[in-house]
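S.K.: This is the structure I want to talk about, given as C-alpha coordinates.
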Amino acid sequence: MSANTRVVRGRVLSFRDDPRLDEEARIYIEDGAVLIVGGRIEAVGGVREVLRRAPPEAPVDDHAGRLVMPGFIDAHIHYPQTQVVASYGAQLLDWLNNYTFPEEQKFADRDHCERIADFFLDELFRCGTTTAMVYCTVHPQSVDAFFAAAERLSARMIAGKTMMDRDAPEALMDTPERGYEESQSLIQRWRGRGRLDYAVTPRFAVTSSKAQLEAAGALVKENPGVYVQTHLDENKAEIELVRRLFPEARNYLDVYNRAGLLGPRSVFGHCVWLEDAEVAALAASRSVAAFCPTSNLFLGSGLFDAARLERAGVRIALATDVGGGTSYSMLATAAEGYKVLELKGQSWPAAAAFYRMTLGNARALSLEGRVGSIEPGKEADLAVIDSRATPAMAHRMETAEGDLDAELFVLMMLGDDRAVRQTYVAGVPRKL
Ligand code: GUN
Ligand code: ZN
(Lines give C-alpha, C1' and ligand atoms only; values in the text may rest on other atoms or scores of the structure.)
(Ligands and ions follow the chains in the order given, each with its own letter.)
Protein backbone atom coordinates (compact mmCIF):
# COMPACT_ATOMS: atom_id res chain seq x y z
CA MET A 1 0.00 0.00 0.00
CA SER A 2 1.25 3.47 -0.78
CA ALA A 3 2.56 5.60 2.09
CA ASN A 4 -0.26 8.06 1.68
CA THR A 5 -3.12 5.66 2.38
CA ARG A 6 -4.38 5.74 5.97
CA VAL A 7 -7.24 6.52 8.31
CA VAL A 8 -7.00 9.65 10.44
CA ARG A 9 -9.33 9.54 13.44
CA GLY A 10 -10.40 12.53 15.54
CA ARG A 11 -13.02 15.25 15.88
CA VAL A 12 -13.46 16.22 12.25
CA LEU A 13 -14.18 19.91 11.63
CA SER A 14 -14.58 21.53 8.23
CA PHE A 15 -16.66 24.24 6.55
CA ARG A 16 -18.88 24.29 3.51
CA ASP A 17 -19.20 28.06 3.53
CA ASP A 18 -18.73 31.15 5.68
CA PRO A 19 -20.60 30.33 8.91
CA ARG A 20 -21.70 33.97 9.16
CA LEU A 21 -23.67 33.53 5.93
CA ASP A 22 -24.94 29.99 6.40
CA GLU A 23 -25.82 28.39 9.72
CA GLU A 24 -25.39 24.94 8.19
CA ALA A 25 -21.91 25.71 6.94
CA ARG A 26 -20.04 23.85 9.67
CA ILE A 27 -19.43 20.10 9.40
CA TYR A 28 -18.50 18.60 12.76
CA ILE A 29 -18.18 14.89 13.52
CA GLU A 30 -17.36 14.24 17.18
CA ASP A 31 -16.01 10.69 16.72
CA GLY A 32 -15.01 11.02 13.12
CA ALA A 33 -12.43 9.77 10.69
CA VAL A 34 -10.99 10.56 7.30
CA LEU A 35 -9.98 7.83 4.87
CA ILE A 36 -7.05 8.86 2.72
CA VAL A 37 -6.19 6.84 -0.36
CA GLY A 38 -3.30 7.82 -2.59
CA GLY A 39 -3.06 11.29 -1.03
CA ARG A 40 -6.73 12.11 -1.58
CA ILE A 41 -9.71 12.07 0.72
CA GLU A 42 -11.72 8.98 -0.14
CA ALA A 43 -14.29 9.16 2.65
CA VAL A 44 -15.18 11.15 5.75
CA GLY A 45 -17.73 10.33 8.41
CA GLY A 46 -18.26 8.53 11.68
CA VAL A 47 -15.32 6.38 12.66
CA ARG A 48 -17.14 3.03 12.36
CA GLU A 49 -18.44 3.77 8.90
CA VAL A 50 -15.06 4.99 7.68
CA LEU A 51 -13.20 2.00 9.14
CA ARG A 52 -15.65 -0.28 7.37
CA ARG A 53 -14.69 1.29 4.05
CA ALA A 54 -10.94 1.34 4.68
CA PRO A 55 -8.60 -1.34 3.28
CA PRO A 56 -7.94 -3.72 6.22
CA GLU A 57 -4.20 -3.05 6.14
CA ALA A 58 -4.59 0.77 6.21
CA PRO A 59 -2.88 2.24 9.29
CA VAL A 60 -5.15 4.17 11.68
CA ASP A 61 -3.73 7.33 13.25
CA ASP A 62 -5.82 7.83 16.35
CA HIS A 63 -6.03 11.48 17.36
CA ALA A 64 -8.98 10.96 19.68
CA GLY A 65 -10.06 14.19 21.38
CA ARG A 66 -8.18 16.35 18.91
CA LEU A 67 -9.65 18.34 16.06
CA VAL A 68 -8.90 17.18 12.54
CA MET A 69 -9.17 20.18 10.24
CA PRO A 70 -8.23 21.06 6.69
CA GLY A 71 -4.62 22.27 6.52
CA PHE A 72 -4.36 26.03 6.88
CA ILE A 73 -3.73 28.26 3.87
CA ASP A 74 -1.50 31.36 3.98
CA ALA A 75 -2.24 33.79 1.15
CA HIS A 76 0.91 35.96 1.33
CA ILE A 77 4.33 35.07 2.72
CA HIS A 78 8.01 35.58 1.79
CA TYR A 79 10.19 32.48 2.07
CA PRO A 80 13.47 34.47 1.82
CA GLN A 81 12.58 36.44 4.95
CA THR A 82 12.87 33.71 7.61
CA GLN A 83 15.94 35.49 8.99
CA VAL A 84 14.40 38.95 8.69
CA VAL A 85 11.56 38.20 11.14
CA ALA A 86 11.82 40.34 14.28
CA SER A 87 14.18 43.02 12.93
CA TYR A 88 13.99 46.06 15.18
CA GLY A 89 12.61 49.50 14.84
CA ALA A 90 11.68 50.35 11.26
CA GLN A 91 8.63 50.99 9.16
CA LEU A 92 8.22 49.56 5.69
CA LEU A 93 10.69 51.47 3.48
CA ASP A 94 13.51 51.49 6.05
CA TRP A 95 12.76 47.90 6.97
CA LEU A 96 13.13 46.89 3.32
CA ASN A 97 16.36 48.85 2.83
CA ASN A 98 18.01 48.04 6.16
CA TYR A 99 17.06 44.42 6.69
CA THR A 100 15.17 42.77 3.85
CA PHE A 101 17.15 43.76 0.77
CA PRO A 102 20.49 42.77 2.37
CA GLU A 103 19.03 39.41 3.39
CA GLU A 104 17.48 38.68 -0.01
CA GLN A 105 20.88 39.11 -1.69
CA LYS A 106 21.98 35.86 -0.06
CA PHE A 107 19.62 34.02 -2.41
CA ALA A 108 22.06 34.37 -5.26
CA ASP A 109 23.54 31.22 -3.71
CA ARG A 110 21.56 28.10 -4.60
CA ASP A 111 22.70 26.21 -1.48
CA HIS A 112 21.36 28.99 0.70
CA CYS A 113 18.04 28.91 -1.20
CA GLU A 114 17.74 25.17 -0.62
CA ARG A 115 18.51 25.38 3.08
CA ILE A 116 15.99 28.15 3.65
CA ALA A 117 13.29 26.54 1.49
CA ASP A 118 13.55 23.35 3.55
CA PHE A 119 13.40 25.27 6.82
CA PHE A 120 10.45 27.35 5.60
CA LEU A 121 8.33 24.38 4.52
CA ASP A 122 9.07 22.51 7.75
CA GLU A 123 8.03 25.57 9.70
CA LEU A 124 4.78 25.96 7.77
CA PHE A 125 3.95 22.30 8.39
CA ARG A 126 4.80 22.67 12.10
CA CYS A 127 2.14 25.38 12.17
CA GLY A 128 -0.46 23.31 10.28
CA THR A 129 -0.12 25.34 7.08
CA THR A 130 -0.15 23.17 3.99
CA THR A 131 -0.67 25.69 1.17
CA ALA A 132 0.81 29.16 0.72
CA MET A 133 1.21 31.88 -1.87
CA VAL A 134 4.89 32.67 -1.68
CA TYR A 135 7.32 35.38 -2.78
CA CYS A 136 10.78 34.18 -3.74
CA THR A 137 13.58 36.67 -4.56
CA VAL A 138 14.65 38.21 -7.84
CA HIS A 139 16.97 35.22 -8.44
CA PRO A 140 15.46 32.46 -10.59
CA GLN A 141 17.43 29.91 -8.55
CA SER A 142 15.42 30.96 -5.48
CA VAL A 143 12.25 29.94 -7.32
CA ASP A 144 13.72 26.68 -8.61
CA ALA A 145 14.91 25.76 -5.12
CA PHE A 146 11.56 26.56 -3.57
CA PHE A 147 9.48 24.63 -6.10
CA ALA A 148 11.87 21.68 -5.99
CA ALA A 149 11.52 21.47 -2.20
CA ALA A 150 7.73 21.78 -2.40
CA GLU A 151 7.58 19.14 -5.11
CA ARG A 152 9.67 16.74 -3.03
CA LEU A 153 7.15 17.11 -0.20
CA SER A 154 4.10 17.02 -2.52
CA ALA A 155 2.93 20.34 -1.10
CA ARG A 156 0.43 22.57 -2.89
CA MET A 157 2.29 25.86 -3.31
CA ILE A 158 1.97 28.96 -5.46
CA ALA A 159 5.14 31.03 -5.85
CA GLY A 160 6.97 33.39 -8.13
CA LYS A 161 10.15 35.28 -8.88
CA THR A 162 10.08 38.80 -7.47
CA MET A 163 10.44 41.28 -10.33
CA MET A 164 12.23 44.51 -9.34
CA ASP A 165 14.14 46.83 -11.64
CA ARG A 166 14.73 50.02 -9.65
CA ASP A 167 15.15 51.61 -6.24
CA ALA A 168 16.91 48.58 -4.78
CA PRO A 169 20.52 47.35 -4.44
CA GLU A 170 22.14 46.55 -7.80
CA ALA A 171 22.42 42.87 -6.86
CA LEU A 172 18.65 42.60 -6.45
CA MET A 173 17.60 44.18 -9.70
CA ASP A 174 16.60 42.68 -13.01
CA THR A 175 15.39 44.66 -16.02
CA PRO A 176 11.98 44.65 -17.70
CA GLU A 177 13.35 42.25 -20.31
CA ARG A 178 15.20 39.97 -17.93
CA GLY A 179 12.32 39.93 -15.46
CA TYR A 180 10.02 38.92 -18.29
CA GLU A 181 12.30 36.24 -19.73
CA GLU A 182 13.16 34.68 -16.38
CA SER A 183 9.53 34.67 -15.25
CA GLN A 184 8.40 33.18 -18.55
CA SER A 185 10.87 30.34 -18.35
CA LEU A 186 9.97 29.65 -14.69
CA ILE A 187 6.30 29.57 -15.70
CA GLN A 188 7.10 27.01 -18.41
CA ARG A 189 9.12 24.92 -15.96
CA TRP A 190 6.84 24.92 -12.91
CA ARG A 191 3.32 26.05 -13.60
CA GLY A 192 0.82 23.21 -13.15
CA ARG A 193 3.56 20.69 -12.39
CA GLY A 194 2.09 18.37 -9.72
CA ARG A 195 0.66 20.58 -7.02
CA LEU A 196 2.58 23.71 -7.99
CA ASP A 197 1.39 26.90 -9.57
CA TYR A 198 3.02 30.17 -10.55
CA ALA A 199 2.40 33.78 -9.50
CA VAL A 200 3.74 36.67 -11.58
CA THR A 201 5.33 38.73 -8.80
CA PRO A 202 6.19 42.38 -9.41
CA ARG A 203 7.31 43.26 -5.87
CA PHE A 204 5.49 46.60 -5.70
CA ALA A 205 5.16 49.82 -7.66
CA VAL A 206 8.15 51.38 -5.90
CA THR A 207 10.64 48.82 -7.22
CA SER A 208 9.12 48.17 -10.66
CA SER A 209 9.24 50.69 -13.49
CA LYS A 210 6.23 51.21 -15.74
CA ALA A 211 7.99 49.11 -18.37
CA GLN A 212 8.44 46.26 -15.92
CA LEU A 213 4.82 46.37 -14.76
CA GLU A 214 3.80 46.24 -18.42
CA ALA A 215 6.06 43.22 -18.88
CA ALA A 216 4.31 41.60 -15.92
CA GLY A 217 0.99 42.39 -17.59
CA ALA A 218 2.22 40.74 -20.78
CA LEU A 219 3.09 37.59 -18.82
CA VAL A 220 -0.47 37.51 -17.48
CA LYS A 221 -1.93 37.98 -20.94
CA GLU A 222 0.25 35.28 -22.46
CA ASN A 223 -0.41 32.81 -19.64
CA PRO A 224 -4.16 32.97 -18.99
CA GLY A 225 -5.11 32.00 -15.45
CA VAL A 226 -1.64 32.58 -14.01
CA TYR A 227 -1.65 34.15 -10.54
CA VAL A 228 -0.41 37.65 -9.71
CA GLN A 229 0.86 38.81 -6.34
CA THR A 230 2.10 42.22 -5.24
CA HIS A 231 1.80 44.80 -2.46
CA LEU A 232 -0.70 47.65 -2.27
CA ASP A 233 -1.41 50.60 0.04
CA GLU A 234 0.54 49.22 2.98
CA ASN A 235 2.27 52.30 4.37
CA LYS A 236 1.72 56.05 4.02
CA ALA A 237 5.29 56.88 2.95
CA GLU A 238 5.12 54.11 0.36
CA ILE A 239 1.88 55.52 -1.05
CA GLU A 240 3.37 59.02 -1.26
CA LEU A 241 6.37 57.61 -3.12
CA VAL A 242 4.13 55.77 -5.59
CA ARG A 243 2.20 58.99 -6.18
CA ARG A 244 5.45 60.75 -7.10
CA LEU A 245 6.68 57.88 -9.28
CA PHE A 246 3.41 57.52 -11.20
CA PRO A 247 1.87 61.02 -11.41
CA GLU A 248 -0.36 59.94 -14.28
CA ALA A 249 -2.12 57.25 -12.22
CA ARG A 250 -5.36 58.06 -10.43
CA ASN A 251 -4.30 56.11 -7.36
CA TYR A 252 -1.91 53.30 -6.33
CA LEU A 253 -4.11 50.48 -7.62
CA ASP A 254 -4.52 52.30 -10.92
CA VAL A 255 -0.76 51.82 -11.47
CA TYR A 256 -1.37 48.06 -11.49
CA ASN A 257 -4.65 48.37 -13.38
CA ARG A 258 -2.96 50.21 -16.25
CA ALA A 259 -0.56 47.30 -16.55
CA GLY A 260 -3.37 44.73 -16.69
CA LEU A 261 -2.58 43.21 -13.31
CA LEU A 262 -6.04 43.10 -11.71
CA GLY A 263 -8.25 40.03 -11.77
CA PRO A 264 -9.65 37.07 -9.87
CA ARG A 265 -6.22 35.47 -9.50
CA SER A 266 -4.50 38.64 -8.30
CA VAL A 267 -3.70 38.91 -4.60
CA PHE A 268 -2.81 42.36 -3.25
CA GLY A 269 -0.99 42.29 0.08
CA HIS A 270 -2.02 44.68 2.87
CA CYS A 271 -4.65 47.07 1.37
CA VAL A 272 -4.61 49.18 4.54
CA TRP A 273 -5.05 52.67 3.07
CA LEU A 274 -7.37 52.14 0.10
CA GLU A 275 -9.28 55.04 -1.45
CA ASP A 276 -12.94 54.41 -2.29
CA ALA A 277 -12.10 54.15 -5.99
CA GLU A 278 -9.54 51.45 -5.21
CA VAL A 279 -12.05 49.47 -3.16
CA ALA A 280 -14.49 49.67 -6.07
CA ALA A 281 -11.85 48.57 -8.57
CA LEU A 282 -10.78 45.61 -6.42
CA ALA A 283 -14.42 44.51 -6.16
CA ALA A 284 -15.18 45.00 -9.85
CA SER A 285 -12.10 43.03 -10.92
CA ARG A 286 -12.72 40.24 -8.35
CA SER A 287 -9.18 40.81 -7.08
CA VAL A 288 -8.23 39.66 -3.58
CA ALA A 289 -7.08 41.83 -0.65
CA ALA A 290 -4.77 39.98 1.76
CA PHE A 291 -5.17 40.94 5.42
CA CYS A 292 -1.73 40.67 7.10
CA PRO A 293 -2.41 41.64 10.71
CA THR A 294 0.88 40.75 12.44
CA SER A 295 2.83 42.52 9.73
CA ASN A 296 0.61 45.60 9.68
CA LEU A 297 1.02 45.91 13.45
CA PHE A 298 4.73 45.08 13.57
CA LEU A 299 5.66 47.57 10.83
CA GLY A 300 3.23 50.16 12.19
CA SER A 301 1.44 50.17 8.84
CA GLY A 302 -2.17 50.53 9.96
CA LEU A 303 -5.46 48.77 10.62
CA PHE A 304 -7.18 46.75 7.89
CA ASP A 305 -10.87 47.57 7.48
CA ALA A 306 -12.44 44.20 6.70
CA ALA A 307 -16.06 45.34 7.07
CA ARG A 308 -15.59 48.13 4.54
CA LEU A 309 -14.18 45.74 1.97
CA GLU A 310 -16.81 43.10 2.64
CA ARG A 311 -19.59 45.67 2.24
CA ALA A 312 -18.13 46.58 -1.14
CA GLY A 313 -17.88 42.93 -2.18
CA VAL A 314 -14.07 42.70 -2.17
CA ARG A 315 -12.69 39.17 -1.79
CA ILE A 316 -10.49 38.92 1.30
CA ALA A 317 -7.75 36.49 2.34
CA LEU A 318 -5.76 36.13 5.58
CA ALA A 319 -1.98 35.98 5.54
CA THR A 320 1.09 35.98 7.78
CA ASP A 321 3.39 38.08 5.56
CA VAL A 322 6.45 36.61 7.28
CA GLY A 323 9.06 38.28 7.58
CA GLY A 324 7.18 41.62 7.99
CA GLY A 325 4.76 39.40 9.85
CA THR A 326 5.97 37.96 13.13
CA SER A 327 4.39 34.51 13.21
CA TYR A 328 4.20 31.57 10.80
CA SER A 329 1.09 30.42 12.63
CA MET A 330 -2.27 31.15 11.07
CA LEU A 331 -3.78 30.73 14.54
CA ALA A 332 -1.58 33.50 15.95
CA THR A 333 -2.28 35.55 12.83
CA ALA A 334 -6.03 35.20 13.33
CA ALA A 335 -5.61 36.30 16.97
CA GLU A 336 -3.94 39.52 15.85
CA GLY A 337 -6.59 39.93 13.16
CA TYR A 338 -9.26 39.68 15.82
CA LYS A 339 -7.60 42.45 17.85
CA VAL A 340 -7.24 44.70 14.80
CA LEU A 341 -10.91 44.25 13.98
CA GLU A 342 -11.85 45.02 17.60
CA LEU A 343 -9.97 48.30 17.27
CA LYS A 344 -12.12 48.98 14.20
CA GLY A 345 -15.30 48.12 16.14
CA GLN A 346 -15.76 44.95 14.09
CA SER A 347 -16.37 41.39 15.23
CA TRP A 348 -14.82 38.14 14.03
CA PRO A 349 -16.33 34.96 15.42
CA ALA A 350 -13.90 32.06 15.74
CA ALA A 351 -15.88 29.87 13.33
CA ALA A 352 -15.57 32.58 10.67
CA ALA A 353 -11.83 32.83 11.31
CA PHE A 354 -11.37 29.05 10.93
CA TYR A 355 -13.42 29.16 7.74
CA ARG A 356 -11.08 31.94 6.54
CA MET A 357 -7.90 29.99 7.34
CA THR A 358 -9.23 27.00 5.38
CA LEU A 359 -11.97 27.09 2.73
CA GLY A 360 -12.16 30.90 2.73
CA ASN A 361 -8.53 31.25 1.75
CA ALA A 362 -8.86 28.32 -0.68
CA ARG A 363 -11.62 30.26 -2.43
CA ALA A 364 -9.55 33.44 -2.40
CA LEU A 365 -6.82 31.47 -4.22
CA SER A 366 -9.32 29.70 -6.54
CA LEU A 367 -8.27 26.37 -4.99
CA GLU A 368 -11.60 25.40 -3.43
CA GLY A 369 -11.96 22.44 -5.81
CA ARG A 370 -8.73 20.94 -4.47
CA VAL A 371 -8.11 21.94 -0.85
CA GLY A 372 -9.66 23.87 2.04
CA SER A 373 -12.24 21.38 3.29
CA ILE A 374 -12.50 17.72 4.25
CA GLU A 375 -14.60 16.23 1.48
CA PRO A 376 -14.22 13.16 -0.72
CA GLY A 377 -12.12 13.94 -3.79
CA LYS A 378 -10.14 16.74 -2.18
CA GLU A 379 -6.42 16.50 -1.58
CA ALA A 380 -5.61 15.15 1.87
CA ASP A 381 -4.00 18.16 3.55
CA LEU A 382 -4.98 18.08 7.22
CA ALA A 383 -3.99 19.67 10.52
CA VAL A 384 -4.55 17.90 13.83
CA ILE A 385 -5.17 20.46 16.55
CA ASP A 386 -4.98 20.13 20.33
CA SER A 387 -7.01 22.72 22.22
CA ARG A 388 -5.21 21.78 25.45
CA ALA A 389 -1.69 22.07 24.07
CA THR A 390 -0.29 24.30 26.81
CA PRO A 391 -1.04 24.50 30.54
CA ALA A 392 -2.82 27.83 30.04
CA MET A 393 -4.94 26.42 27.21
CA ALA A 394 -5.81 23.27 29.16
CA HIS A 395 -6.72 25.41 32.15
CA ARG A 396 -8.93 27.71 30.08
CA MET A 397 -10.53 24.73 28.33
CA GLU A 398 -11.90 23.53 31.70
CA THR A 399 -14.55 26.22 31.33
CA ALA A 400 -15.14 25.68 27.59
CA GLU A 401 -15.85 21.94 27.73
CA GLY A 402 -18.61 20.89 25.33
CA ASP A 403 -18.85 24.33 23.69
CA LEU A 404 -17.21 24.15 20.26
CA ASP A 405 -17.42 27.89 19.59
CA ALA A 406 -15.72 28.65 22.90
CA GLU A 407 -13.07 26.01 22.16
CA LEU A 408 -12.37 27.48 18.72
CA PHE A 409 -12.03 30.93 20.21
CA VAL A 410 -9.54 29.63 22.79
CA LEU A 411 -7.57 28.06 19.94
CA MET A 412 -7.75 31.23 17.88
CA MET A 413 -6.57 33.48 20.71
CA LEU A 414 -4.08 31.20 22.51
CA GLY A 415 -3.07 28.71 19.83
CA ASP A 416 0.08 28.59 17.73
CA ASP A 417 2.50 25.91 16.51
CA ARG A 418 2.25 24.16 19.88
CA ALA A 419 -1.42 23.38 19.25
CA VAL A 420 -0.63 21.56 16.01
CA ARG A 421 0.04 17.90 16.81
CA GLN A 422 0.30 16.60 13.26
CA THR A 423 0.11 17.91 9.72
CA TYR A 424 -0.71 15.70 6.74
CA VAL A 425 0.44 16.85 3.33
CA ALA A 426 -1.15 14.85 0.51
CA GLY A 427 -1.86 12.22 3.14
CA VAL A 428 1.68 11.97 4.52
CA PRO A 429 2.42 12.99 8.13
CA ARG A 430 4.88 15.90 8.02
CA LYS A 431 5.13 17.46 11.45
CA LEU A 432 8.58 16.71 12.86
N1 GUN B 1 6.40 45.84 0.06
C2 GUN B 1 7.32 45.52 -0.87
N3 GUN B 1 8.06 44.46 -0.50
C4 GUN B 1 7.59 44.09 0.70
C5 GUN B 1 7.94 43.05 1.61
O6 GUN B 1 8.85 42.25 1.37
N7 GUN B 1 7.21 42.98 2.76
C8 GUN B 1 6.21 43.84 3.04
N9 GUN B 1 5.53 43.72 4.19
N10 GUN B 1 5.86 44.83 2.21
C11 GUN B 1 6.54 44.95 1.06
ZN1 ZN C 1 4.65 40.93 1.70
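S.K.: So how far, in whole Å, is the C-alpha centre of region 87-161 from the one of region 266-308?
M.R.: 23 Å
S.K.: For the residue pair Arg189 and Glu30, what label-to-label distance in nm results when each label sits 7 Å from Cα along the Cα-to-beta-carbon direction?
M.R.: That separation, rounded to one decimal, is 5.3 nm.
S.K.: If each of Arg418 and Glu398 carries a label point 7 Å out from its Cα toward its Cβ, how far apart are those two points in nm?
M.R.: Distance between the two pseudo-spin positions: 1.7 nm.
S.K.: Then there's this: What area, in nm² and to one decimal, does the C-alpha convex hull of region 337-406 cast on average over all directions?
M.R.: Averaging across all directions leaves 6.3 nm² for the Cα convex hull.
S.K.: May I ask you to work out the translational diffusion coefficient for the chain at 4 °C, viscosity 1.567 mPa s, via Stokes-Einstein with Rh from the Kirkwood sum over Cα pairs, reported in whole µm²/s?
M.R.: Working: Rh = 21.7 Å.
Calculated translational D: 60 µm²/s.
S.K.: Taking all protein chains as present, what is the carbon and sulfur share of the accessible area of the chain, in % to the nearest whole number, probe 1.4 Å?
M.R.: 49 percent
S.K.: For region 382-432, how big is Rg over Rh, using alpha carbon atoms and the Kirkwood form of Rh? Mind showing how you got there, number by number?
M.R.: Values: Rg = 11.8 Å, Rh = 11.4 Å.
Across region 382-432, the Cα-based Rg/Rh ratio is 1.04.
S.K.: Between helix 330-343 and the chain, what is the angle of the helix's C-alpha long axis to the longest principal axis, kept within 0 to 90° and rounded to the nearest 10?
M.R.: That helix lies at roughly 70 degrees to the long axis.
S.K.: Okay, next question. Return the ratio Rg/(2.2 N^0.38 Å) for region 195-264, where Rg is computed over Cα atoms only. The partial results should precede the final answer.
M.R.: Working: Rg = 12.1 Å, N = 70, 2.2 N^0.38 = 11.1 Å.
Against the compact-globule rule of thumb, the ratio is 1.10.
S.K.: So for the chain, averaging the separation of alpha carbon pairs under 8 Å that are six or more residues apart and normalising by length, what relative contact order in percent results? Don't skip to the end; give the middle numbers.
M.R.: Details: 988 pairs, mean separation 86.4, N = 432.
Computed value for the chain: 20 percent relative contact order.
S.K.: Does anyone have the angle between helix 140-152 and the longest principal axis of the chain? Alpha-carbon axes, 0 to 90°, nearest 10?
M.R.: 10 degrees
S.K.: Given a 1.4 angstrom probe, what's the average accessible area per residue across the chain, in square angstrom? Provide the component values of the computation, followed by the final result.
M.R.: Details: 15880 Å² over 432 residues.
With the other protein chains kept in place, the chain gives 37 Å² per residue.
S.K.: Over all directions, average the projected area of the Cα convex hull of region 55-96 and note it in nm². Don't skip to the answer; put the middle values down first.
M.R.: Numbers: hull surface 26.1 nm².
Value for region 55-96: 6.5 nm².
S.K.: Work the Kirkwood hydrodynamic radius out for region 215-316: mean of 1/r over every pair of different alpha-carbon atoms, inverted, in Å.
M.R.: Values: mean 1/r = 0.0725 Å⁻¹.
That comes to 13.8 Å for region 215-316.
S.K.: Above 17 Å lies some portion of the pair distances; for region 299-379, what is it as a whole percent of all C-alpha pairs? Don't skip to the answer; put the middle values down first.
M.R.: Details: 1684 of 3240 pairs.
Counting every Cα pair in region 299-379, those more than 17 Å apart make up 52 percent.
S.K.: Once you order the gyration tensor axes a ≥ b ≥ c over the Cα atoms, which shape class does region 79-219 get: rounded for a/c under 1.5, otherwise prolate or oblate by comparing a/b with b/c? Each step should come with its number before you reach the end.
M.R.: Numbers: a/c = 1.85, a/b = 1.12, b/c = 1.65.
Cα axes put region 79-219 in the oblate bin.
S.K.: Using modelled amide H (1.01 Å from N, peptide plane; none on Pro or chain starts), what sits under 5 Å from the amide H of Gly160, excluding residues fewer than 5 places away?
M.R.: Val134, Cys136, Ala199
S.K.: Top to bottom by accessible area (1.4 Å), largest first, where do Glu278, Glu23, Glu151 land?
M.R.: On the way: Glu278 5, Glu23 175, Glu151 75 Å².
Putting Glu278, Glu23, Glu151 in descending order of accessible area: Glu23, Glu151, Glu278.
S.K.: Counting pairs of alpha carbon atoms under 8 Å apart in space and at least six apart in sequence, what relative contact order in percent does region 341-416 give? Intermediate results must be reported in sequence, preceding the final value.
M.R.: Working: 53 pairs, mean separation 19.9, N = 76.
Over region 341-416, the number comes to 26 percent.
S.K.: Beyond 23 Å, what share of the Cα-Cα pairs of region 44-149 remains, rounded to the nearest whole percent?
M.R.: Numbers: 2597 of 5565 pairs.
Of the Cα pairs, 47 percent sit more than 23 Å apart.
S.K.: Right, next: Report, in degrees rounded to the nearest 10, the 0 to 90 angle that the Cα long axis of helix 176-190 makes with the longest principal axis of the chain.
M.R.: Compared with the principal axis, the helix lies near 20 degrees.
S.K.: Next up: Convert each backbone phi in region 239-252 into a coupling constant with the Karplus relation 6.51 cos²θ - 1.76 cosθ + 1.60 (shift: θ = phi - 60°), then list the ³J(HN,Hα) values in order as whole Hz, x for Gly and Pro.
M.R.: For region 239-252, the Karplus-derived couplings read 5, 4, 5, 5, 4, 6, 6, 10, x, 6, 7, 6, 6, 4 Hz, x marking Gly and Pro.
S.K.: If you scale each eigenvalue of the Cα gyration tensor by 5 and take the root, what three semi-axes come out for region 277-341, rounded to whole angstrom and sorted largest first? Before the final figure, lay out the partial values.
M.R.: Values: eigenvalues 97, 23, 22 Å².
One finds semi-axes of 22, 11, 11 Å for region 277-341.
S.K.: While we're on this one: Report the extension gain between Ala211 and Arg48 in nm, rounded to one decimal, defined as 0.36 nm multiplied by the number of residues separating them, less their alpha carbon distance. Let's see the in-between values first.
M.R.: Details: separation 163, 0.36 × 163 = 58.68 nm, distance 6.08 nm.
Working it through step by step, the gained length comes to 52.6 nm.
S.K.: Would you compute, from DSSP H runs of 4+ residues alone, the mean residue ellipticity of the chain at 222 nm, taking -39500 (n - 2.57) per run and dividing by the full residue count, rounded to the nearest 500?
M.R.: Working: 17 runs with 155 residues, N = 432.
Helix contribution divided over all residues of the chain: -10000 deg cm²/dmol.
S.K.: Quick one: grab the alpha carbon gyration tensor of region 285-432, order the square roots of its eigenvalues as a ≥ b ≥ c, and give me rounded if a/c is under 1.5, else prolate or oblate depending on whether a/b is larger than b/c.
M.R.: On the way: a/c = 1.58, a/b = 1.14, b/c = 1.39.
Oblate shape, in that a/c is at least 1.5 and b/c is the bigger or equal ratio.
S.K.: Continuing with the same structure: With a cut-off of 15 Å, note down the residues of region 75-96 whose backbone N falls inside the zone around a label point 7 Å from the Cα of Asp109 toward its beta carbon.
M.R.: The answer is 83.
The values are calculated or read from the model by the stated rules, or taken from the named source; none is laboratory data. Owing to the predicted nature of the structure, the values given are computational and were not obtained by experimental measurement. Glycine also receives a Cβ, built like all others from the backbone with ideal geometry; neighbour counts cover every protein chain displayed. Surface areas here come from the heavy atoms of the whole protein model, side chains and all, with no ligands, DNA or RNA. Shrake-Rupley method; radii C 1.70, N 1.55, O 1.52, S 1.80 Å.
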